[in-house]
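The structure appears below as structure tokens.
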Amino acid sequence: MYHFFAQHENIHDTYIDITGDDVNHVKNVLRMKTGDELLISSGSNVDYYCHISTREMSLQVFGSLSSKDSIDEEGRELGIKVWLFQGLPKGDKMELIIQKMTELGVYRIVPVSMKRSVVKLDKKKADSKVKRWNMISESAAKQSKRSIIPEIMPVCTFNEALEMSQQLDVKLLPYECADGMAKTKKIIENLKG
């Protein structure tokens with residue numbers, strides 16, 4: 001079943017309107033017709049099972065599922081909200097990191113410009129990159145049938161990242177000289193979902 005996201009204002013009690021580039025994708029690329037089924041996510045942990053009811057891309061809702069309602073494979077979101085603070089890597093590695101982290105269930109990704117990062121982005125270039133990274137996040141969320149699209153935050157400095165992390169309950173920092181994984185495993189096991 002193909003998966004798309006819809007804006008909240010396009011979701012109604014019994015139907016959902018598909019707009020923008022998704023209309024072209026459904027009609028011309030996938031060549032879907034009236035009666036074909038789609039999975040639509042609201043971006044807030046609710047998925048709607050729909051079928052196409054008109055050529056103008058109005059979808060009839062025939063079922064819904066909140067990610068919290070199910071613990072089997074239908075539940076698409078983690079019980080906790082994982083934030084990834086990622087130092088800017090060289091080349092296009094950030095795109096792969098965003099794609100894989102989205103597929104693994106990360107809630108939010110914060111690109112961090114570190115003191116020793118090779119990549120240095122000016123404001124205009126950073127904004128352009130963040131826009132592209134958000135499109136990659138959306139694409140990966142569709143591919144992995146996530147109920148939400150992880151937000152890629154604007155590029156920040158290390159100090160800004162530290163400030164942001166103050167609002168989080170648990171902070172884990174990978175360190176190559178750590179004494180092993182036992183403590184990390186214990187911390188993760190004690191997290192409440």
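The values are calculated or read from the model by the stated rules, or taken from the named source; none is laboratory data. Computed from a predicted structure; not experimentally measured. Cβ placement follows ideal geometry from the backbone for every residue including glycine, while neighbour counts extend to all protein chains displayed. Side chains are part of the model used for accessible areas, which takes the heavy atoms of the whole protein and leaves out ligands, DNA and RNA. Shrake-Rupley method; radii C 1.70, N 1.55, O 1.52, S 1.80 Å.
So the values come out like this:
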{"item": "Pair list, Cβ under 6 Å, 6 or more apart: the stretch 169-185 residue closer than 22 Å to Val106 by Cβ, other residue open to solvent by less than 100 Å² (accessible area, probe 1.4 Å)", "result": "Lys171/Ser165"}
{"item": "Ser67, sole failed condition from (1) surrounded by 14 or more Cβ atoms within 10 Å (Cβ to Cβ); (2) at pLDDT below 85; (3) in contact with a helix residue (DSSP H, G or I) (Cβ under 9 Å, 6 or more places away or on another chain)", "result": "(3)"}
{"item": "Pairs, first more than 16 Å from Trp83 (Cβ to Cβ) and without any contact (Cβ under 8 Å) to a residue 24 or more places away in the chain in the stretch 93-110, second hydrophobic (A, V, I, L, M, F, W, C) and open to solvent by less than 70 Å² (accessible area, probe 1.4 Å), C-beta under 6 Å, six or more apart", "result": "none"}
{"item": "Verdict on His51 being open to solvent by 50 Å² or more (accessible area, probe 1.4 Å) and under 19 Å from the mean Cα position of the chain (by Cα)", "result": "no"}
